[in-house]
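J.: If you scroll down you'll find the structure; I have some questions about it.
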Amino acid sequence: MTVKLSKFGRVAIATTAMVAVPMMAGAETLRLLTWGGYAPEEVIAKFEEETGHTVEVTTSNNEEMIAKLRATNGGGFDLAQPSQDRITSAQEEFGIYKPIDMSRINADLFIPSMLSATAANTTFDGEVYGLPHVWGTSGLVVNTAMAQSVQDYTDLCDDAVAGKVSYRLKRPTLIGFAYSMGLDPFAAYGDSATYQGILDQVEAKLTECKANVKTYWDGGDEIKNLLRSGEVVASMAWDTGGWQLNADNPDITFVAPKSGALGWIDTFVLPARGRADDAAYDWINFVMQPEIAAMITNTAGNFTAAVNGDAEVNADLKARYQGSFDQQAIDNIKWYPPVPAGLEAMEGASLDRINAAN
Amino acid sequence: MRSDASRLGFYLLLAPILLWLVVLIILPHIGLFIVSISEKLGPREYETGFGNYTAFFSEPLYWRTFARTAIMSILATALTLVLGFPIAYYIAKLTRGRTKTVLFLMCMIPFWVSELVRTFGWMILLRETGVFSNLLQSLGLVSGPVEMLYNDAAIMVGLVYTSILFMVVPLVTTLDSLDDSLIEAGYDLGGTSTSIMREIVIPHAMPGIVSGCIVVFMLSLGNYLTPILLGGKDSLWFTGMIYTQFITRFNWELGSAFGFLLLGLSSLVVFLGLKLSGQTLSQTMGRS
């Protein structure tokens, strides 16, 4: 028996070596442009050990990712992770991505509905450019002990929370407020006249609401500090931020707004002039394995599009997620459709005017 | 033959500065200018024209923000001068030897940490749950928490603090070069402290004052961190606007035009400042 086992062991080692050798020969450096928490140290170490590739991580956000890739015409990185709604317009305007070769992806690792939805949303000129990775929502982070009344975006303008409110002056705020005011901005994406009408109403509301705002936040740490210190009691923010704060102070948590949380999916895309496609595909197939996906969820705080990816996620995070989202709230999530090119200019003008208004 | 060799030496010495100027300053600016004169018509469709520049002047928000930034920077420069001059005078004229070195060092120590850390320091001091607010409450001077952050005064404090060293250093250098016997002679001839300051010290220190002011003005005008972190919801700053155009709006064309306008208008302010103070650039930069 022992002999048999050791024989089997030897065979296993030999096979691993045979598989590993060509892999090592094709070892590349993967320059990954991603969000903080999406590529934890332990995952990178495991990946490097298993494939022989090395990984260099640059953390960023949607706008900076696109700006960086635009500056180099899609060079400098081998894999990037913008949100799915920002892919087709960036491709149309700047041509910074290359299509995904679906035959190199292990599609069984992805939740089928998410894979097909992302593929549909990131198709440009008949080619698919994005694969789903991490998803989450933005909504309200509320100190429930001090701001019970805040249930929806427009509640941030209540007198009860005057001077103790914060949100970003960015597009999610416009869209959240529009939904909360009973409008449907996503349906108006294709029609710029209707969309301008919606923007005008939201602009008026946000200008009126400005007196309530303590400050417009920019970075995740800034809003967490404001909420933690009690200087701000209600804000628009990401779900993970709320859950992290909940770990420190049980009163603060993420609340899915009545009009619906805004759902985003961060994807994998290949920059047009990326040099290490093999490593990029290896990375995608590696991190979508259920146990690796769970490791990423535990550090990033958001769930992934991996099949069974939530099985090994720690129980606290699951409990917080279930506390914020009942089935109805999940069904009510408004998923960002692809942003048509040019829409951001209209939104930008509105945001500028809100910023300048007194 | 000898003149050839010396000419070669001259060009070799000139090469680094020429490379620096052409590769890092002139070429990027040419690129920026080309971007700034292309107007966007649609996806991947551009047309040459000055539309981005006219957009700056036709949209009140843009030029008002620029004017606000320039005025606040001038104010910050004036404040820095008022605060920096006594410090520099004390260090240069009233202290000797070791005390002088220690005082000079104390001015520099805050600059050994990055600007970001210094700005966060101010945020900790000024915020509602911060040091000053708590101190005032424990002294019984105020009844509730006071918010001192997120307004223009906070920006001003941050800007003055960030740039005061750049005012003190040129002032100390020029004041050092003023012979004490000239001041003594002034007193011997019956001058008062004010008249000596006005007739002897300030005229002598003028090149230092002007070069300090130019540096501080440029630093304030081009500052990004301090206004963004300390400023409130109405506190727009022109550099923040350039960042927004480039990064969040994907509008490099307008952003480049803004960059050029910032360059042109700040040069204009410096030029006017030199004219008003009767100094020339070569005089101020050459001496300090």
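The values are calculated or read from the model by the stated rules, or taken from the named source; none is laboratory data. Note that this is a predicted model, so its numbers are computed, not measured. Positions of Cβ are generated from backbone atoms using ideal geometry, with glycine treated the same way; all protein chains shown enter the neighbour counts.
J.: Mind listing just one residue for me: the one in segment B:33-53 that is within 12 Å of chain A (Cβ to nearest Cβ) and not small (G, A, S) and, of those, nearest to the chain's Cα centre (by Cα)? Reasoning before the result, please.
T.: Residues of segment B:33-53 that are within 12 Å of chain A (Cβ to nearest Cβ), as a first pass: B:35, B:40-46.
With the extra rule that they be not small (G, A, S), the set shrinks to B:35, B:40-41, B:43-46.
Working: B:V35: 27, B:K40: 33, B:L41: 37, B:P43: 38, B:R44: 38, B:E45: 38, B:Y46: 36 Å.
Residue satisfying both the conditions and the ranking: B:V35.
J.: Listed residues A:A306, A:A311; which is touching a Pro at 6+ places or on another chain (Cβ under 7 Å), buried (at least 20 other Cβ atoms within 10 Å of the Cβ) and assigned by TED's automatic domain parsing to the domain that holds A:A119?
T.: Details: A:A311 fails: buried (at least 20 other Cβ atoms within 10 Å of the Cβ).
That would be A:A306, the only listed residue that is touching a Pro at 6+ places or on another chain (Cβ under 7 Å), buried (at least 20 other Cβ atoms within 10 Å of the Cβ) and assigned by TED's automatic domain parsing to the domain that holds A:A119.
J.: A further question follows. Exactly one condition in (1) away from every other protein chain (no Cβ under 12 Å); (2) at positive phi; (3) surrounded by 15 or more Cβ atoms within 10 Å (Cβ to Cβ) is not met by A:G182; state its number.
T.: (3)
J.: Let me ask something else. Filtering segment A:163-179 down to residues that are of a type in the set (S, T, Y) and within 14 Å of another protein chain (Cβ to nearest Cβ), which residue is surrounded by the fewest Cβ atoms within 10 Å (Cβ to Cβ)? It would help to see each step written out before you state the result.
T.: As a first pass, look at segment A:163-179 and keep what is of a type in the set (S, T, Y): A:166-167, A:173, A:179.
Checking which are within 14 Å of another protein chain (Cβ to nearest Cβ) leaves us with A:166-167, A:173.
Working: A:S166: 24, A:Y167: 26, A:T173: 22.
For segment A:163-179, the residue satisfying everything is A:T173.
J.: Being outside any helix (DSSP H, G or I) and under 30 Å from B:P43 (Cα atoms) narrows it down to one residue among B:F258, B:F246, B:F250; which is it? Can you show your working first?
T.: Details: B:F258 fails: outside any helix (DSSP H, G or I); B:F246 fails: outside any helix (DSSP H, G or I).
Only one candidate passes the filter, namely B:F250.
J.: Touching a strand residue (DSSP E or B) at 6+ places or on another chain (Cβ under 9 Å) and either more than 30 Å from A:G95 (Cα to Cα) or within 14 Å of chain B (Cβ to nearest Cβ) (or both): does that describe A:A261? Walk me through how you get there before you give the answer.
T.: Numbers: touching a strand residue (DSSP E or B) at 6+ places or on another chain (Cβ under 9 Å): yes; either more than 30 Å from A:G95 (Cα to Cα) or within 14 Å of chain B (Cβ to nearest Cβ) (or both): yes.
For A:A261, the condition - touching a strand residue (DSSP E or B) at 6+ places or on another chain (Cβ under 9 Å) and either more than 30 Å from A:G95 (Cα to Cα) or within 14 Å of chain B (Cβ to nearest Cβ) (or both) - is met.
J.: Tell me yes or no: at least one residue of segment B:205-228 is outside any helix (DSSP H, G or I), within 14 Å of chain A (Cβ to nearest Cβ) and touching a strand residue (DSSP E or B) at 6+ places or on another chain (Cβ under 8 Å). Outline the logic, then answer.
T.: First pass over segment B:205-228, keeping only residues outside any helix (DSSP H, G or I): B:222-224.
Now restrict to residues that are within 14 Å of chain A (Cβ to nearest Cβ): B:224.
Those left that are additionally touching a strand residue (DSSP E or B) at 6+ places or on another chain (Cβ under 8 Å): none.
No, segment B:205-228 contains no residue that is outside any helix (DSSP H, G or I), within 14 Å of chain A (Cβ to nearest Cβ) and touching a strand residue (DSSP E or B) at 6+ places or on another chain (Cβ under 8 Å).
J.: Are any of the residues in segment A:143-152 more than 14 Å from chain B (Cβ to nearest Cβ), within 26 Å of the chain's Cα centre (by Cα) and not in a loop (DSSP other than H, G, I, E, B)?
T.: Checking segment A:143-152: not a single residue is more than 14 Å from chain B (Cβ to nearest Cβ), within 26 Å of the chain's Cα centre (by Cα) and not in a loop (DSSP other than H, G, I, E, B).
J.: Filter segment A:311-355 down to the residues that are in a loop (DSSP other than H, G, I, E, B) and in contact with a strand residue (DSSP E or B) (Cβ under 6 Å, 6 or more places away or on another chain), then identify the one that is farthest from the other protein chains (Cβ to nearest Cβ). Even if it seems obvious, please write down each step before you answer.
T.: Restricting attention to segment A:311-355, the residues satisfying the condition of being in a loop (DSSP other than H, G, I, E, B) are A:311-314, A:325-326, A:332-333, A:336-342.
From what's left, in contact with a strand residue (DSSP E or B) (Cβ under 6 Å, 6 or more places away or on another chain): A:333, A:336.
Numbers: A:I333: 24, A:Y336: 16 Å.
Filtering first and then ranking leaves A:I333.
J.: I need the helices (runs of 4 or more DSSP H) fully contained in segment B:54-143, keeping only those with at least 1 residues that are closer than 28 Å to A:G219 by Cβ and under 26 Å from the mean Cα position of the chain (by Cα). Please lay out each step first, then the result.
T.: On the way: elements: B:60-89, B:97-108, B:115-126, B:131-138.
Correct list: B:60-89, B:115-126.
J.: Same structure again: Taking B:M148, is it outside any helix (DSSP H, G or I) and within 14 Å of chain A (Cβ to nearest Cβ)? Walk me through it before giving the result.
T.: Numbers: outside any helix (DSSP H, G or I): yes; within 14 Å of chain A (Cβ to nearest Cβ): yes.
Answer is yes for this residue.
J.: I'd like the residue in segment A:310-329 that is touching a residue at least 60 places away in the same chain (Cβ under 8 Å) and not basic (K, R) and, out of all such residues, is nearest to A:L174 (Cα to Cα). Working first, answer last.
T.: Narrowing segment A:310-329 to residues touching a residue at least 60 places away in the same chain (Cβ under 8 Å): A:316-317, A:320-321, A:323-325, A:329.
So of that shortlist, the ones also not basic (K, R) come out as A:316-317, A:321, A:323-325, A:329.
On the way: A:D316: 32, A:L317: 29, A:Y321: 25, A:G323: 26, A:S324: 22, A:F325: 22, A:A329: 20 Å.
Looking at the filtered set, the residue picked out is A:A329.
J.: I would also like to ask the following. Can you give me the number of residues within segment A:61-85 that are small (G, A, S), within 11 Å of chain B (Cβ to nearest Cβ) and closer than 23 Å to A:D278 by Cα? Lay out the reasoning, then the answer.
T.: First, pick out the residues of segment A:61-85 that are small (G, A, S): A:67, A:71, A:74-76, A:80, A:83.
Then keep just the ones that are within 11 Å of chain B (Cβ to nearest Cβ); that gives A:67, A:71.
When the remaining residues are screened for being closer than 23 Å to A:D278 by Cα, the result is none.
Number satisfying all stated conditions: 0.
J.: Looking at (1) at pLDDT 90 or above; (2) away from chain A (no Cβ under 14 Å); (3) farther than 20 Å from B:S211 by Cα, find the lone condition where B:L159 falls short.
T.: Every listed condition holds for B:L159 apart from (3).
J.: Does B:T244 qualify as being without any contact (Cβ under 8 Å) to a residue 12 or more places away in the chain and among the polar types (S, T, N, Q)?
T.: Working: without any contact (Cβ under 8 Å) to a residue 12 or more places away in the chain: yes; among the polar types (S, T, N, Q): yes.
Here the answer is yes, as B:T244 does meet what is asked.
J.: While we're looking at this one, here's another question. When you go through A:L227, A:L199, A:L245 one by one, which is the residue that is within 14 Å of chain B (Cβ to nearest Cβ) and touching a helix residue (DSSP H, G or I) at 6+ places or on another chain (Cβ under 9 Å)?
T.: Working: A:L199 fails: within 14 Å of chain B (Cβ to nearest Cβ); A:L245 fails: within 14 Å of chain B (Cβ to nearest Cβ).
Residue meeting the stated conditions: A:L227.
J.: Going through segment A:230-242 one residue at a time, which ones are within 14 Å of chain B (Cβ to nearest Cβ) and of a type in the set (S, T, Y)?
T.: A:S235
J.: Here is a follow-up. Within segment A:56-98, can you find the residues that are more than 9 Å from A:P271 (Cβ to Cβ), touching a Leu at 6+ places or on another chain (Cβ under 6 Å) and buried (at least 21 other Cβ atoms within 10 Å of the Cβ)?
T.: Within segment A:56-98, just A:M65 meets the criteria.
J.: Would you point out the residue of segment B:234-245, among those that are surrounded by fewer than 21 Cβ atoms within 10 Å (Cβ to Cβ) and over 19 Å from A:N358 (Cα atoms), that is nearest to the other protein chains (Cβ to nearest Cβ)?
T.: B:Y243
J.: While we're here: Could you check segment A:99-138 and list, in sequence order, the residues that are of a type in the set (S, T, Y) and touching a residue at least 40 places away in the same chain (Cβ under 8 Å)? Talk me through it step by step, then tell me what you get.
T.: Initially, segment A:99-138 is screened for residues of a type in the set (S, T, Y), giving A:103, A:113, A:116, A:118, A:122-123, A:129, A:137-138.
Result: A:T118, A:T122, A:Y129, A:T137, A:S138.
J.: Moving on. Of the residues B:E199, B:E253, only one is more than 16 Å from the chain's Cα centre (by Cα) and within 14 Å of chain A (Cβ to nearest Cβ); which? Lay out the reasoning, then the answer.
T.: Numbers: B:E199 fails: within 14 Å of chain A (Cβ to nearest Cβ).
Just a single option satisfies the conditions, and that option is B:E253.
J.: How do the pairs read when you match residues in segment A:86-98 that are more than 10 Å from every other protein chain (Cβ to nearest Cβ) with residues anywhere that are aromatic (F, W, Y) and part of a loop (DSSP other than H, G, I, E, B), using Cβ under 7 Å and keeping only pairs 6 or more apart or on different chains?
T.: So the pair list comes out as A:I87/A:Y129; A:Y97/A:Y129.
So that you can scan it fast, the table gives a plain yes or no per residue for (1) part of a loop (DSSP other than H, G, I, E, B); (2) modelled with pLDDT of 95 or more:
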site: A:G190; (1), (2): yes, no
site: A:L199; (1), (2): no, yes
site: A:A211; (1), (2): no, no
site: A:Y216; (1), (2): yes, no
site: A:N225; (1), (2): no, no
site: A:W243; (1), (2): no, no
site: A:N246; (1), (2): no, no
site: A:G260; (1), (2): yes, no
site: A:L270; (1), (2): no, yes
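J.: Of all residues in segment B:30-89, which are without any contact (Cβ under 8 Å) to a residue 40 or more places away in the chain and under 30 Å from B:V102 (Cβ atoms)?
T.: Answer for segment B:30-89, where residues must be without any contact (Cβ under 8 Å) to a residue 40 or more places away in the chain and under 30 Å from B:V102 (Cβ atoms): B:A78, B:V82, B:P86.
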